[in-house]
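Contents: one structure, followed by commentary.
The values are calculated or read from the model by the stated rules, or taken from the named source; none is laboratory data. Because the structure is a prediction, the values reported are computed rather than measured. Ideal geometry is used to build each Cβ from the backbone, glycine not excepted, and the neighbour counts take in all protein chains shown. Ligands, DNA and RNA are excluded from the accessible area calculation, which covers all protein heavy atoms including side chains. Shrake-Rupley method; radii C 1.70, N 1.55, O 1.52, S 1.80 Å.
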Amino acid sequence: MYHAIVFLPLVGFLIAGALGRFIGARPSEVVTTSLLFVSCLLSWVAFVDVAFGTGATRVQVAQWFASGDMVVDWAFRVDTLTAVMLVVVTTVSALVHLYSIGYMHEDPSRPRFFAYLSLFTFAMLMLVTADNLVQMFFGWEGVGLASYLLIGFWYEKDSARAAAIKAFIVNRVGDFGFALGIFLVFVLFGSVAFDGIFPRAGELATQTFRFLGFEWHAMTLACILLFMGAMGKSAQFLLHTWLPDAMEGPTPVSALIHAATMVTAGVFMVARLSPLFEVAPAAQTVVIVIGATTAFFAATVGLVQNDIKRVIAYSTCSQLGYMFVGLGVGAYSAGIFHLFTHAFFKALLFLGAGSVIHAMHHEQDIRHMGGLRRYIPFTAAMMAIGTLALTGFPFTAGYFSKDAIIEAAYVSHRPGAAYAFLCTVIAALMTSFYSWRLYFLTFEGKARWGAGAHHQGAAAHAAHAPHVHEGVEHHGIGGADAEPAHAAPHEHGHHGDHTPHESPWVMLIPLLVLAVGAVVAGFAFKEAFIGHSYDAFWKGALFTASDNKVLEEMHHAPLWVVLSPAIMMVIGFALAFWMYIRDPAKPAQLAAEHPLLYRFLLNKWYFDELYDILFVRPAMRLGRFLWKTGDGRIIDGFGPDGVAARVVDVTRGVVRLQTGYVYHYAFAMLIGVAALITWYLTTGAGAH
């Protein structure tokens, strides 16, 4: 069964990728989607069997390689953590495949697109079933490759190519740290297999390691290096800059990458390595601080974004910060619980955004929408459910998981936990505000699209979010991510006078399924993930030290702590309602009164500009110096253009002597004889 779960997406990739141009687009869609649904069904069977049944197992596929003391097997580690990730990955991927049949129906490269989707899914399944760090790294890099291909799918667009390269390079920065962490783990433990590492983690709790001229606590150093990989893959603060640009890919890609798969790989990795992090408290503090900072930072940027997909992307970034806070304070199951619930409502929001873009003929700027609830009521209802779950409305999925993390941060005694509690509570308010801002601007109020409404809504257009172009990166602020490549050129406002229309059923069914998950996933599984059924559900898949009582203590948090996320949610909703329904001129007024703050947030804290100054330009200057001076003047100057060129010149001169006239050769012989006699006489070679 586990072989089928992992390898069926690979089969779909090979069929669609190798035979797609011969069998056609529709068979490619049907084959890849059908195989994913089979894998999804088997994953749910495995989830029930493992989490609520017999427990963990190990499936040996083959021995990958052996080199000295390093023996790396290709095996599937199947425990509750794996089962949870299998369900998340295959469910979202199967629904994205189905949704893409409708969304990409006009694209001429559908076989390639579906092949990439299946390759991405296979790589992610390899990652989450890994039995050792090397296999995990293989899946890790496979996900990076597939995301590069998907983000740059419309490679005719300069912005798509640039976004794909940016995502690839930024992830390599994190992956370098991840690789160093794997090397260090092997040096410390003599093994990369989890069964060889985890039982001995406590033995090395006090060991030191010399690195870069300093003595480090070995486990702290290893965990920080491993967490660097998670920072890149999960778009955490400082390595987050690739995430918003990844919106250049088709919307189903955004749902797949940012909802349940690639960006959650780092969360899964830290949870899987919980035995190591439990004996490295300093590394856990780093996780807490980075996660809390990400939750706050991304929420502030999401407040002013105008592209419907970018708002949701920064929401993803912020929610990933919540997950790492949960992991850092030791509530690993709470972090994974939020990963589980987040997958449903964030995939719902991304696919709902795709339905809006489809209805608006590829318009993505929420300032050019409005009043869509009357035209696409089903999509509006699904987006409302996703928004309620994201903001933590009582008894939705996000309510149980997000609140658990906030409570865990409050009761934790680890350094940085108080900072995390403050950041996550404030981020909850901002999450509610920007989520309802998006909903109100998109679905409520007057229509700001169409030929008639374009001029009429000009004032409202400016009021909702004034244009500020100073310092904005080349993608622009809103609507510059227009898709797909075959669509008409992007214009302000709606294209022509076409009335917005509801998406086809093949796109709406995935929304309905995800909406059910967004409503019931939290209530249905809260006892298993973080409640009284914790031990029976996890069966040791997540390790917590004996002094880690955070899961018990969080259930006894003060009432004001328990109510704080709900209060923030209500305040955020009220502010959004006031500013975008009751008094639509207020946002423009606030932006005009605080232009520096508005530009700071609109330009994403200027991280792209800062990295351009600190890294990109110096790297370009260094490359130009090595090219012009190093390669051109020195290597070529002394090499092909220097010594070699002089040899060519000499031989060219010698060639001229080969005239073919006998008297020229006789004259040369005469000169030679004269030179020989002269040498003989002047050196006295003949004197004895």
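So here's what we get for this one:
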{"read-out": "Rg(Cα) / (2.2 N^0.38 Å) computed for segment 490-643, rounded to two decimals", "value": "1.93"}
{"read-out": "Label-point gap, in nm, between residue 647 and residue 41 - each point 7 angstrom along Cα→Cβ", "value": "7.0 nm"}
{"read-out": "Distant-in-sequence amide H partners of residue 61 (H built 1.01 Å from N, under 5 Å)", "value": "74, 75, 76"}
{"read-out": "Debye intensity ratio I(q)/I(0), log10, segment 23-132, q values 0.13 Å⁻¹ (C-alpha model)", "value": "-0.58"}
{"read-out": "Shape metrics for segment 101-212, restricted to C-alpha atoms - Rg then Dmax, Å", "value": "18.7, 60"}
{"read-out": "Average accessible area per residue (Å²) across the chain - probe 1.4 Å, nucleic acids and ligands excluded", "value": "40 Å²"}
{"read-out": "Helix-only [θ]222 nm of the chain, DSSP H runs n ≥ 4, -39500 (n - 2.57) each, per residue, nearest 500", "value": "-21000 deg cm²/dmol"}
{"read-out": "All aspartates and glutamates inside 13 Å of residue 628 as judged from Cα atoms, apart from same-chain residues fewer than 8 positions distant", "value": "636"}
{"read-out": "Debye intensity ratio in log₁₀ form over the Cα atoms of segment 586-640, taken at each q of 0.29 Å⁻¹", "value": "-0.98"}
{"read-out": "Segment 167-301 - Debye-derived log10 I(q)/I(0), Cα point model, q = 0.17, 0.22 Å⁻¹", "value": "-0.91, -1.33"}
{"read-out": "Per-bin percent of Cα-Cα distances, segment 48-105 [5 Å]", "value": "4, 15, 14, 14, 14, 13, 11, 9, 3, 2, 0"}
{"read-out": "Packing-based ranking, highest mean first, of 555-564, 288-297, 392-401 given that Cβ atoms within 10 Å are counted", "value": "288-297, 392-401, 555-564"}
{"read-out": "Accessible heavy-atom area order of 538, 216, highest first, probe of 1.4 Å", "value": "216, 538"}
{"read-out": "Tilt relative to the chain, helix 308-328 - C-alpha long axis, 0 to 90 degrees, to 10", "value": "90 degrees"}
{"read-out": "Span from the segment 186-250 Cα centroid across to the segment 601-642 one, whole angstrom", "value": "30 Å"}
{"read-out": "Answer label for mean projected area of the Cα convex hull in nm² (calculated), chosen among (i) 69.9; (ii) 45.0; (iii) 37.6", "value": "(ii)"}
{"read-out": "Leading residue at positive end of dipole, the chain (Cβ point charges), from 412, 342, 589", "value": "589"}
{"read-out": "Karplus (6.51, -1.76, 1.60) ³J(HN,Hα), θ = phi - 60°, over segment 178-193, in Hz, Gly and Pro reported as x", "value": "4, 4, 4, x, 5, 4, 5, 4, 5, 4, 6, 9, x, 7, 10, 7"}
{"read-out": "Per-peptide average of other Cβ atoms within 10 Å, ordering 29-40, 655-666, 79-90 highest first", "value": "79-90, 29-40, 655-666"}
{"read-out": "Extended-chain gain in nm, criterion 0.36 nm per residue less alpha-carbon gap, residue 11 and residue 62", "value": "16.5 nm"}
{"read-out": "Fraction of alpha-carbon pairs over 13 Å apart in segment 321-368 - percent", "value": "64 percent"}
{"read-out": "Degrees separating the helix 662-683 axis from the principal Cα axis of the chain, which is the longest one", "value": "80 degrees"}
{"read-out": "Amide hydrogen neighbours beyond the local backbone of residue 71, cut-off 5 Å, H modeled", "value": "192"}
{"read-out": "Highest-first arrangement of 69-75, 240-246, where packing means the average Cβ count within 10 Å", "value": "240-246, 69-75"}
{"read-out": "Cross-link pairs 233/549; 166/346; 526/549; 346/402; 157/233 - those with Cα-Cα distance over 21 Å", "value": "233/549; 166/346; 157/233"}
{"read-out": "Accessible-area composition of the chain, carbon plus sulfur, in percent [1.4 Å probe]", "value": "70 percent"}
{"read-out": "Whole-angstrom gap from segment 555-600 to segment 316-375, using each part's C-alpha centre", "value": "18 Å"}
{"read-out": "Additional length obtainable on full extension of the chain from residue 4 to residue 606, 0.36 nm per residue less Cα span", "value": "212.1 nm"}
{"read-out": "Segment 114-156: Cα Rg divided by the 2.2 N^0.38 Å rule of thumb", "value": "1.20"}
{"read-out": "Angle in degrees between helix 133-151 and the longest Cα principal axis of the chain, rounded to the nearest 10", "value": "90 degrees"}
{"read-out": "Descending Cα extents along the principal axes, segment 210-369, whole Å", "value": "59, 30, 22"}
